[in-house]
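Take a look at the structure set out below.
The values are calculated or read from the model by the stated rules, or taken from the named source; none is laboratory data. Please read all numbers here as calculations on a predicted model, not as lab measurements. Here the Cβ positions follow ideal geometry from the backbone for every residue, glycine too, while neighbour counts run over all protein chains shown.
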């Protein structure tokens, strides 16, 4: 009969660090200069979230009313669907920055939306300009 042992899984960050150490040791054996450059690159590489959508609090306070008022039915259906729960997360700028800091994300790329009306597109552009300032 086999003894089943409980195996504790290490957190992903610990596992990544251990893999980096192993790779560094292997690389050092193969070529010392490669190992030094590779190690520095791994430690200094920034994490960039390359796809986020941001909306001000007045939008996520009531996205259905906001979308209807601007005659944006496609957006309204995507972020507040009638038949299912939304997958859209909402955050203001302080929360975004706190979440980025907690996750080790150095930068993010804010994307616009496929608005049906030019006025809504202009409104989103003004939000982005203000946030980047």
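For the stretch 61-73, the tally of residues that are under 12 Å from residue 117 (Cα atoms) and under 23 Å from the mean Cα position of the chain (by Cα) stands at 0.
Okay, residues lined up against (1) loosely packed, with under 10 Cβ neighbours inside 10 Å; (2) in contact (Cβ under 8 Å) with a residue 24 or more places away in the chain:
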{"site": "62", "(1), (2)": "no, no"}
{"site": "82", "(1), (2)": "yes, no"}
{"site": "128", "(1), (2)": "no, yes"}
{"site": "132", "(1), (2)": "yes, no"}
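For the stretch 87-105, the condition holds for at least one residue, the condition being that it is in contact with a strand residue (DSSP E or B) (Cβ under 6 Å, 6 or more places away or on another chain) and at pLDDT 90 or above.
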